[in-house]
Every structure is written in structure tokens, then in C-alpha cells.
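Here the structure is laid out as C-alpha cells; the discussion comes afterwards.
What follows is calculated from the coordinates using simple rules that are stated; it is not laboratory data. Computed from a prediction, not measured in an experiment: that's the story for all the values here. Quick reminder, even Gly has a Cβ in these numbers, built from the backbone with ideal geometry, and neighbours come from all protein chains shown.
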Amino acid sequence: MDWYFMIWRKYAEFHGRSRRKEYWMGMLFNGVAVLVLFALGGLGRAISEDYGGVLFIPLGIYYLAMIIPFLAVSVRRLHDTGKSGWLLLMFFVLGLIPIVGLISGIIQIVIMCQDSDPGPNKYGPNPKFAEQAVGMFAGEAGFTSLGLGAQPRPFTGGDNFCRNCGAKFTDDSPSCTNCGVRR
């Protein structure tokens with residue numbers, strides 16, 4: 001449930017990256033919320049033919065409220081796979097064409113199921129490895145160098161992280177256990 005609330009906390013953040021788990025758990029809980037609200041509206045309609053449809057109003061309000069955060073998490077998910085967020089607009093436009101829309105929907109699901117780009121990409125650090133983000137953009141955040149004269153540098157991997165995939169080395173092995181690249 002925390003993954004669902006994370007989507008709402010990052011309401012309109014279209015920059016950065018989101019893990020598969022954040023995206024798919026958000027979609028799961030969103031589907032459950034829509035089903036519950038739809039059942040509430042259907043129950044009201046079954047009780048009263050004339051005024052029962054009023055209980056569909058919360059469903060409409062929820063649909064309007066979820067547009068921006070779910071567009072944002074979809075864009076961040078595309079960023080996590082190394083693709084531009086504008087690809088989502090292309091999927092939407094292609095979705096309006098009958099047969100092409102089905103094919104583009106399948107392609108979108110496949111892309112959303114792909115694993116993250118290993119290591120940092122142009123959209124930010126890999127969200128799977130939170131320890132990568134420490135100091136990655138320190139130069140852009142306005143941090144000072146404690147008055148010692150040295151400028152902060154972006155994260156380059158260091159000795160404890162694989163320079164290829166960004167995984168943290170857990171032992172003294174000569175290669176990364178995640179991708180096999182030598183230190």
C-alpha cells in the first residue's frame with residue numbers, strides 16, 4: 001500500500017525514475033480503488049433507479065484526481081528503462097487507431113515490465129540502489145565543500161559500487177555478482 005501512496009506523494013514529479021514495483025503496485029491498488037468505487041455506484045443504482053447514480057460521483061472525482069499522478073509515474077517508469085516520457089504520448093495517440101492501438105498497448109506493457117537500466121542514466125540514479133544517489137547530484141544541489149576549496153563532484157561509482165550496473169559490492173570478489181564486470 002505504501003507504493004500506492006508514494007505515487008500520490010510524488011503527485012506531479014515527471015523527472016527522475018520509478019521502479020517496476022512502484023508502478024505495478026500503484027496500478028494494482030488503483031484498480032482495486034476503481035472497482036470499489038464502481039461497486040459503490042452500482043450498489044446505489046441498484047437501490048434507487050432515480051438517484052442511485054449519484055454514488056458514481058466519487059468514481060468520477062477519483063478518475064480526475066488520478067490523471068496527473070499516474071501520468072507522472074508512467075513517465076518516471078519510462079525514464080527508468082532509459083526511454084523518453086514523450087513515448088507515453090505516442091502510445092496514447094497510437095491507441096486511438098483500432099488495430100495499431102492494440103499492438104502499441106502490448107508494446108507499452110512490455111516496456112513497463114522491463115528491468116531498470118543498470119546504474120545511473122540521464123534521468124537519474126537507479127532507484128533500486130538508493131546508496132548510489134548519495135552525492136550523485138551534489139554539485140547541482142548547491143552544497144558547499146565545507147570551505148576546503150574543492151568543488152563537489154557527481155557520483156562516479158567509487159570503489160564500493162560497480163561502474164557498469166551500480167550494484168554495491170558486498171565482498172572482496174574481483175567481479176560484480178550482479179553483472180560479472182571486473183572491478
Principal axis dimensions, the range 2-113 - Cα atoms, whole angstrom, descending: 50, 36, 19
Chymotrypsin sites (Phe, Trp or Tyr not before Pro) lying in DSSP loop within the range 1-60, provided at most 13 other Cβ fall within 10 Å: 11, 51
Which of 87, 40 has the fewest Cβ neighbours within 10 Å, and the rest in rising order: 40, 87
Among 51, 92, 15 the positive-end extreme of the charge dipole of the range 2-113 (Cβ point charges): 15
Segment residue 40-residue 172, length gained on full extension (0.36 nm per residue, minus Cα span): 41.8 nm
Point-charge dipole on Cβ atoms (K/R +1, D/E -1) for the range 2-113, about Cα centre, debye to 20: 520
